[in-house]
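Here is the structure we will look at, set down as structure tokens.
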Amino acid sequence: MVVALMTHTSRCADQISSLDACFLGAPMDWGTSNRPGSRFGPRSVRCESSVLRPFNTSTGAAPFESLQVGDIGDVPVNPYNLLKSVQLIEDFASKLGKCRPLSIGGDHTVTLPILRALAKTHGKMALLHIDAHSDTESSMFGEQVTHGTTFYRACQEGLIDPQLSTQIGLRGGDYGPKDYEWTKEQGFHMVWASECWHTSLSPLMNTVRERVGSCPVYLSFDIDALDPSIAPGTGTPEIGGLTTPQALEIIRGARGLNVVGCDLVEVSPPFDVSSMTALIGANLLFEMLCILPGVKYY
């Protein structure tokens, strides 16, 4: 764990609040339902980020020339208590002020407290959610807060506006024909992975931008949205997923939106023998940084 400086001194807190964007680790995986291990995701993604460069040649983005950016370490979560950890993440993210977090999970539970924190500043947000799963279960094994209930809770708490939200890459088996009924009723734009096969997603992102307009946007990318042949290091893999070029089209297609925060979750190093999943995660986080408001483009 890279311990966050904010926990030590108020001076560090002041320095962090002066940042435009920050990378933040949330090393928690005790909300997962299948294979644990994503608590080590922040460490692995940071390690693979060492091969990245500061300029995006493909898009012309120069984020480090435009924004004050820092890695502020990991939230000091409690490995023996899920709900306490969720509260610790919310408390930590609430201190960021106008700094836009790019969070590294951890399982998808970590997104809920970050949304709670950001809603205090930005109000209700549109969600751009890339994932094999909708994570809109009302409960899992009787528990209200898990990695599969995140966006049900977020809707119920008024953190996100489902009418302006899009979920991309959905697939895999479920427990019955009505499992997605509630999600559809709320107004989520649900894009199935099979709709994305063999096609560019740039036209889809045109629709997303029109749908969202000027509303604050939170971008949440579960690495299992990608096909496991590309990104095997995750806890709940599903075949028939997105490709890395499609992932780039989605993230780059969010340029121009009022993105107030992002995350990359569910990288699980124990299942990532080559570290390729973590490398992809590091690259996608850099792409997210590049589309934040205020970034200079050449």
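Taking max minus min of the alpha-carbon positions on each principal axis, the chain gives extents of 53, 46, 40 Å, largest first.
Within a straight-line Cα-Cα reach of under 12 Å, residue 95 can be paired with the following aspartates and glutamates, leaving aside sequence neighbours fewer than 8 residues apart in one chain: 14. Other residues lying with their Cβ under 11 Å from the Cβ of residue 46 contribute a combined charge of -2, Lys and Arg counting +1, Asp and Glu -1.
Net charge around residue 21, counting only other residues with Cβ within less than 14 Å of its Cβ (Lys, Arg = +1; Asp, Glu = -1)? Charge balance near residue 21 sits at -2. Put simply, the Cα atoms of segment 91-210 extend 42, 37, 25 Å along their principal axes, the longest span coming first. Computed log10 I(q)/I(0) for segment 8-107 at 0.13, 0.25 Å⁻¹: -0.54, -1.32, from the Debye equation with unit scatterers placed on every C-alpha and solvent omitted.
Each Lys and Arg contributes +1 and each Asp and Glu -1, all at the Cβ; summed about the Cα centre of segment 1-147, the dipole is approximately 260 debye. Relative contact order of the chain: 24 percent, from C-alpha pairs under 8 Å at least 6 residues apart in sequence.
The residue among 79, 146, 96 whose Cα reaches farthest toward the positive pole of the charge dipole of segment 54-153, with charges on the beta-carbon of Lys, Arg, Asp and Glu, is 96. Using a 7 Å offset from the Cα along the Cα-to-Cβ direction at both residue 211 and residue 141, what is the distance between the two label points in nm, to one decimal? About 3.2 nm, to one decimal. A helix-only calculation puts the chain at -9000 deg cm²/dmol for mean residue ellipticity at 222 nm, using -39500 (n - 2.57) for each DSSP H run of at least four residues, averaged over all residues. In segment 176-298, taking the dipole from charged Cβ atoms about the Cα centre, the farthest positive-side position among 177, 203, 192 is held by 203. Each Lys and Arg adds +1 at its Cβ and each Asp and Glu adds -1 at its Cβ; summed about the Cα centre, segment 192-253 shows a dipole of about 260 debye.
In a simple Cβ point-charge model (Lys, Arg +1; Asp, Glu -1; nothing else charged), the chain has a dipole of about 820 debye relative to its Cα centre.
Rounded to the nearest 5, what % of the DSSP beta bridges within segment 8-162 are antiparallel ones? For segment 8-162, the DSSP antiparallel bridge percentage is about 15. Applying the criteria of a DSSP loop state and at most 11 other Cβ atoms within 10 Å to the trypsin sites (Lys or Arg not before Pro) of segment 99-188 yields 178. Quick check on my link table: of 124/184; 124/296; 98/124, which ones sit more than 25 Å apart, alpha carbon to alpha carbon? Cα-Cα > 25 Å for 124/296; rest within. Length gained on full extension, residue 58 to residue 83: 4.9 nm, using 0.36 nm per residue less the C-alpha separation. Size descriptors for segment 93-160, from the alpha-carbon set: Rg then Dmax equal 11.9, 37 Å.
Coordinate-derived values only; no laboratory data. Worth saying up front: this structure is predicted, and the values here are computed from it rather than measured. Don't worry about glycine lacking a Cβ; one is built from the backbone with ideal geometry, like all the others, and counts go over all protein chains shown.
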